[in-house]
Amino acid sequence: MSTAPLLEANGIIKVLGSGAAEVRALKGINLDLVPGELTLMMGPSGSGKTTLLSILGCILSPTEGHLKIAGHSTEGLGPEGLADIRRQHIGFVFQAYNLVPTLTAIENVMLALDLRGASLGEQPDLAYKALKAVGLGHRIHAAPSKMSGGEKQRVAIARALAGSPSVILADEPTAALDSENGKQVMALLSEVAKDNSRAVLVVTHDHRTLSYADRLVRIEDGKIVGRSRRRLKSGHTADEGFGGGSSH
Amino acid sequence: MSMPAAAAQGQATGASEAHGVPKRRLPMVHKLAYKNLFHDKLSLLVTLIGIVFSVVLVAVQLSMYEGTERLVTSVIERAPADLWVVPLETKSFDDPFPLIGREKQALQSIPGVSKVNEMVVSFATWKRKSGGNTTVSIVGLDDLPHGRLPWDIEVGSAQDILRPSSIAIDAVYFKELGLKASNSDELLKPSEAINYKAEINGFQVTVTAVTHGIRSFTTVPYIFTSIANARALTDTAPEQANFIRVQVAEGSDLAAIKKQIEFRLPDRNVLTHEEFRTRNIDRWMFETGAGVGIIAGTLLGIIVGIVIVAQTLYSSTKDHLNEFATLRALGASAGYINKVILIQAVLSAVIGYVVGMALAILIVWIVKVTETELPMAMTPTLAGYLFALTVGMCVLASVGAIFKVIRIDPAAVFSR
């Protein structure tokens, strides 16, 4: 199994605004995401989680620092270059699902496949497989407006998986879900992370999600203030600072 | 391999065929554009009404332009000629002056000239039997009965107007010329007009042929007759004409012959068929201002179309901004997103064009069957231009929406 990081962030600094309104949102973040792991990032509001997620997702560029996704450096890339990296290597899961409301479940997944260059002929089958894998093989023609929150988030996960990106970034994926649906979504993301060609990062406030994490990163005031890793072989949480949840 | 991993990496095996998986091959970019467009039906209806209104307005204006252009050039388009010899500064066929004279003999001696035809065209006074006069335009031809003028003869023949004092008139001008049955206000039928006696410039003439649909742009009725009759009626000398049509032998150098004629016949204008045609169009469409109104109407139609389509596309784009931001976050290139908007614009254009053209063709047909004096014509070429214009108009209208989308911040997907 290769443990070379799929995402490497070194010395990430992000300054927002200018002059008197200048804010240092991130103050030198170092973070690696390795394949086969689900990393949970927690922190209070305003700690810089979303800004960091935007940078790791190549949506924002850092003011300083280096970022590599699947071995590709993002340094000096313009908006289209960053879009190319996102398209090829990153799958997103959003808090508000962000499905296209005019398209059915399968069309939403096919849209992501289309962006990633899948041929017209293979798009329907690949999309179906992705939806079946998240337990929605029977809901492929459902419109987002006719789906529950849990179903929508599973479609979003299928969309993120379609095309097999190296890194999955999830922004508060359980925040809009009830307890049962939240568990199902986290179980699914945990399952996704077991693939040794992929790393998953989940940004969350939800302590119920801790049990699904292989690694926990705490961020406060633009800095990583704690890291801990579950000892996978022991089958229980042993690392200090990994509190708040139980193993599953 | 876990289930999601298998899903992500799975090959298209066709295993999903039984589950109603769509087999359509419509690219998603088209599908997204189509679904965005048809999602809000009220908004689409407003867009289509705007485009249809614009297409009908522009189509009617352009078909009037086309019809007017045909009217202005109707006689010269049917008169076979490679070159026209016309009096200096002649502005149009319908505004004739006499040539100096003896041109025909000079032209016949020029090598390469195969045929020379004189035309006498002159205004004259037609005396109505019911009283009063009206102006007519005598067109005297020297190639009767085998020439292409006059055309659409409904009653009689070109041979019939070769006889002394014989003329051909058009049925659409019966009212203007006062061709009514005795003791009645009812107009004569074309067949009843044969042998009708009339008076032109004090000479008695007999109607021996009736055409149907030969109008003049100036509304002055054309009276076709032989060149001898025309000279007699208009007091034109036997060696004089108003226009001379020249046909050159096959394979001859038209430009060289034109130069020779200009050298041999100074103080006249020698024009190619196309030059004379253009001169007529310029005269009536632009110098008189008749065409300016039509062009202004066309521009108005285009502007209305652009404004309505632009407003609706911009509004639709704003409504779908979150989706566009998501697409951008998922890695869609700016080109991909612009394509969605452009496809929406083109789809709107095609639907609006089909409905608008159907209405425009109906209007042109009604104008034709009711024989109003409105000159309108729709041709496949004009319809093609209109389609290009409609698509261009809608694409231009999408610029605002594209600018809006270009400025989308994909980071917005995290702030909702």
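The values are calculated or read from the model by the stated rules, or taken from the named source; none is laboratory data. The structure displayed is predicted, hence computed values, not measured ones. Virtual Cβ from ideal backbone geometry, glycine too; neighbours counted across all protein chains shown. The protein model used for the area step is the full one, side chains on, heavy atoms only, and it has no ligands, DNA or RNA in it. Shrake-Rupley method; radii C 1.70, N 1.55, O 1.52, S 1.80 Å.
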- Taking every pair of alpha-carbon atoms in chain A, what share in percent sits in each 10 Å bin, from 0 to the bin with the longest distance? 8, 31, 36, 20, 4, 0
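What net charge is computed for the residues neighbouring A:K68, neighbours being all others with C-beta under 10 Å from the C-beta of A:K68, Lys and Arg scored +1, Asp and Glu -1?
Taking every other residue near A:K68 into account, the sum is -3.
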- The lysines whose Cα lies under 24 Å from the Cα of B:K41, excluding any fewer than 8 residues away in the same chain, are A:K146, B:K31, B:K318, B:K339, B:K404
- Task: In whole Hz, with x marking every Gly and Pro, tabulate ³J(HN,Hα) for the range B:309-319 from phi via Karplus 6.51 cos²θ - 1.76 cosθ + 1.60, θ = phi - 60°.
- Result: 5, 4, 4, 5, 5, 5, 5, 5, 5, 4, 4
- Message: Among A:G222, A:G121, A:G137, which one shows the highest mean-square fluctuation when chain A is modelled as a Gaussian network with alpha-carbon springs under 10 Å?
- Response: A:G121
- Whole number in Å², please: accessible area per residue of the protein assembly as shown, 1.4 Å probe, ligands, DNA and RNA not counted. 42
- Message: For q values of 0.06, 0.09 Å⁻¹, compute log₁₀ I(q)/I(0) with the Debye formula on a Cα-only model of chain B, without solvent.
- Response: -0.43, -0.73
- Note on the structure: Log10 I(q)/I(0) at q = 0.06, 0.07, 0.11 Å⁻¹ for the protein assembly as shown, from Debye over equal alpha-carbon scatterers, is -0.57, -0.65, -1.03
- Going out from 0 in 5 Å bins, what whole percent of all Cα-Cα distances in the range B:330-374 drops into each bin? 5, 19, 14, 12, 10, 10, 8, 7, 5, 5, 3, 2, 1
- Item | Amide proton proximity set for A:I29, modelled H, under 5 Å, gap of 5+ | A:G11, A:I12, A:I13
- Short to long, in 5 Å steps from zero, the percent of alpha-carbon pairs of the range B:204-300 per bin is 2, 8, 12, 14, 16, 16, 14, 10, 5, 1, 0
- Query: Most mobile of B:A158, B:A360, B:A249 per a Gaussian network model of chain B (Cα springs, under 10 Å)?
  - Reply: B:A249
- Item | Cβ charges +1 (Lys, Arg) and -1 (Asp, Glu), total dipole of chain B, debye | 1440
- So which lysines can A:K223 reach, going by Cα to Cα under 26 Å and dropping same-chain residues fewer than 8 places off? A:K14, A:K27, A:K49, A:K68
- Task: Evaluate peptide A:101-108: per residue, the Cβ atoms of other protein chains within 10 Å of its Cβ; return the mean as an integer.
- Result: 5
- Task: Give me the accessible area buried between chains B and A, both sides summed, with a 1.4 Å probe, in Å² rounded to the nearest 100.
- Result: 4200
- Message: Cross-link candidates for A:K194: which lysines have Cα within less than 20 Å, leaving aside residues fewer than 8 places away along the same chain?
- Response: A:K129, A:K132, A:K183, A:K233
- Taking every residue of A:114-120, the Cβ atoms of other protein chains inside 10 Å of its Cβ average out to 4
- Segments A:89-100, B:63-74 sorted - mean Cβ within 10 Å per residue, highest first: A:89-100, B:63-74
- For B:I223, the residues 5 or more places away or on another chain with a placed amide H closer than 5 Å to its own amide H are B:S137, B:I138, B:V139
- Among residues other than B:R407 whose Cβ falls under 14 Å from its Cβ, what is the net charge (Lys/Arg +1, Asp/Glu -1)? +2
- Message: I'd like the mean, over residues of B:332-339, of how many other protein chain beta carbons sit within 10 Å of each residue's own Cβ.
- Response: 3
- Message: Once neighbouring chains are kept in place and the probe is 1.4 Å, which whole percent of the accessible area of the protein assembly as shown is contributed by carbon and sulfur?
- Response: 55
- Note on the structure: Going residue by residue through the range A:36-49, the Karplus relation 6.51 cos²θ - 1.76 cosθ + 1.60 with θ = phi - 60° gives ³J(HN,Hα) values, rounded to whole Hz and with x marking Gly or Pro, of x, 10, 9, 9, 9, 10, 10, x, x, 4, x, 7, x, 4
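To the nearest 500 deg cm²/dmol, what mean residue ellipticity at 222 nm is calculated for the protein assembly as shown from DSSP H runs of n ≥ 4 alone, each contributing -39,500 (n - 2.57), summed and divided by the residues?
Mean residue ellipticity, 222 nm, calculated: -12500 deg cm²/dmol.
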- Item | Cα pair count fraction exceeding 14 Å, expressed as % - the range B:44-103 | 71
- Item | Residue-count net charge about B:P87 - beta-carbon cut-off 12 Å; Lys, Arg +1, Asp, Glu -1 | -2
- Task: Quick one: grab Rg to one decimal and Dmax as a whole number for the range B:110-192, Cα atoms only, in Å.
- Result: 15.8, 59
- Query: Ranked from highest to lowest mean number of other Cβ atoms within 10 Å per residue, what is the order of the peptides B:180-188, A:127-135, B:382-390?
  - Reply: A:127-135, B:382-390, B:180-188
